[in-house]
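Only one structure is covered here, and it is reproduced in the block below.
The values are calculated or read from the model by the stated rules, or taken from the named source; none is laboratory data. Not measured: the values here are computed from a predicted model. So basically every Cβ, Gly included, is an ideal-geometry build from the backbone, and we count neighbours across all protein chains shown.
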Amino acid sequence: MAEKKAEKKGKKPHKNKPTSKKYTKYKIEGDKIIREKYCPRCGPGVFLMNASNRLYCGRCRYTEFLKKSE
């Protein structure tokens with residue numbers, strides 16, 4: 001008879017997750033805090049991603065297309 005391999009049980013090894021880089025969405029100029037554009041559906045705190053030709057929300061998939069500058 002063929003023997004079955006024993007399955008390992010117990011805790012899984014910890015995997016490091018990439019950190020969120022929300023500090024890149026804020027700029028401080030003097031006393032003013034300038035924030036990047038946020039999602040109109042999700043509200044403040046959920047920022048839109050800047051792609052080459054659009055702004056995109058990864059949470060609700062809201063998309064704004066940017067005008068082509070010629």
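Points worth noting:
- Residue check, GLY58 surrounded by 11 or more Cβ atoms within 10 Å (Cβ to Cβ) and touching a strand residue (DSSP E or B) at 6+ places or on another chain (Cβ under 9 Å): yes
- Annotation: of all residues in region 36-49 being within 13 Å of the chain's Cα centre (by Cα) and closer than 13 Å to LYS22 by Cα, the one that is modelled with the lowest pLDDT is GLY45.
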